[in-house]
Amino acid sequence: VAGFSGDAEAIQSQIEIMRSRRLAGRVVEELELWNHREYVAEDANAGFSLSSILPVAVVDAIPFLAGGSAEVVFESEADRRARLVTQFLKSISISTAGRSRVIDITFESEDRLLAALAANTVAELYIVDELESRFEAIQGATTWLNNRISELRDQVAASERAVEEWRSASGIVETAADGGRSEEHTSELQSH
């Protein structure tokens, strides 16, 4: 990346960005990990038993639960996503390769294709995130510069109007035939 110093602190900062929950969440979404068997198995354990919070007699007295499973999943989408991100982060390892500037991304999975895809997706989304951040910074700078140019144009226009008003009040009128005589006249007036 252009402008990247490559010192140990900068590299460690980039590694922490790659380990962030925000980037992990983007990878979980990109790979739709809630559909992967390792993560679906974890979904099955996300519920809780009604009999663990209610007396067994109460659970047995409820007709649709009697004789069946009292396992109910009450997990919000946000909780589910947070759990998937946490599970994903437990499987990933990001570090430098020795004393080099190379960053190793490894992902542990029962599925070797998922392992390779997850590691590559972290790298790809990190690069996309960095490019988006730089683009947003450039857009912000461009917007600021355009606003500043507009302000300066307004200031120049106001200054030119003030000069014209001063010339009119002083009786100085510049014509094409005058050429530079009005400037000479202004210089003479200022010297008196």
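The values are calculated or read from the model by the stated rules, or taken from the named source; none is laboratory data. Note that the structure is a prediction, hence the values are computed from the model and not measured. With ideal geometry, Cβ positions are generated from the backbone for all residues, glycine too; neighbour counts draw on all protein chains shown. The area values use the complete protein model at the heavy-atom level, side chains included, leaving out ligands, DNA and RNA. Shrake-Rupley method; radii C 1.70, N 1.55, O 1.52, S 1.80 Å.
Could you please find all residues in segment 120-141 being among the aromatic types (F, W, Y), under 20 Å from T106 (Cα atoms) and either open to solvent by 60 Å² or more (accessible area, probe 1.4 Å) or not in a helix (DSSP H, G or I) (or both)? Once the filter is applied, which keeps residues that are among the aromatic types (F, W, Y), under 20 Å from T106 (Cα atoms) and either open to solvent by 60 Å² or more (accessible area, probe 1.4 Å) or not in a helix (DSSP H, G or I) (or both), segment 120-141 yields nothing. Scanning segment 73-91 for residues that are within 26 Å of Q14 (Cβ to Cβ) and either within 21 Å of the chain's Cα centre (by Cα) or of a type outside the set (D, E, K, R) (or both) turns up R81, A82, L84, V85, T86, Q87, F88, L89, S91. The residue pairs whose first member lies in segment 28-40 and is within 14 Å of E124 (Cα to Cα), whose second member is open to solvent by 80 Å² or more (accessible area, probe 1.4 Å), and whose beta carbons are closer than 8 Å, counting only pairs six or more residues apart or on different chains, are V28/R81; L31/L117.
Taking the criterion of being more than 23 Å from L33 (Cα to Cα) and over 23 Å from the mean Cα position of the chain (by Cα), would at least one residue in segment 109-125 satisfy it? Break it down into steps so the answer makes sense when it comes.
So in segment 109-125, the residues more than 23 Å from L33 (Cα to Cα) come out as none.
No, segment 109-125 has no match at all.
On the stretch given as segment 17-32, residues that are exposed (fewer than 14 other Cβ atoms within 10 Å of the Cβ) and either at pLDDT below 90 or farther than 19 Å from I103 by Cβ (or both) total 1.
Considering only residues in segment 92-104 that are within 23 Å of the chain's Cα centre (by Cα) and open to solvent by less than 40 Å² (accessible area, probe 1.4 Å), the one that is nearest to A24 (Cα to Cα) turns out to be I92.
Listed conditions (1) assigned to a loop (DSSP other than H, G, I, E, B); (2) small (G, A, S); (3) modelled with pLDDT of 90 or more are all met by A158, apart from (1). Would a scan of segment 161-170 turn up a residue that is open to solvent by 50 Å² or more (accessible area, probe 1.4 Å), within 25 Å of R22 (Cβ to Cβ) and free of Cβ contacts under 8 Å to residues at least 12 places away in the same chain? For segment 161-170, residues open to solvent by 50 Å² or more (accessible area, probe 1.4 Å), within 25 Å of R22 (Cβ to Cβ) and free of Cβ contacts under 8 Å to residues at least 12 places away in the same chain: absent.
Any residue in segment 5-12 that is closer than 29 Å to S133 by Cβ, buried (at least 16 other Cβ atoms within 10 Å of the Cβ) and either at pLDDT 90 or above or of a type outside the set (F, W, Y) (or both)? For segment 5-12, residues closer than 29 Å to S133 by Cβ, buried (at least 16 other Cβ atoms within 10 Å of the Cβ) and either at pLDDT 90 or above or of a type outside the set (F, W, Y) (or both): present.
Contact map, segment 109-123: residues that are closer than 18 Å to L23 by Cβ paired with residues that are open to solvent by less than 10 Å² (accessible area, probe 1.4 Å) and not small (G, A, S), Cβ distance under 6 Å, separation 6+ or inter-chain. Pairs shown: T121/V27; V122/V27.
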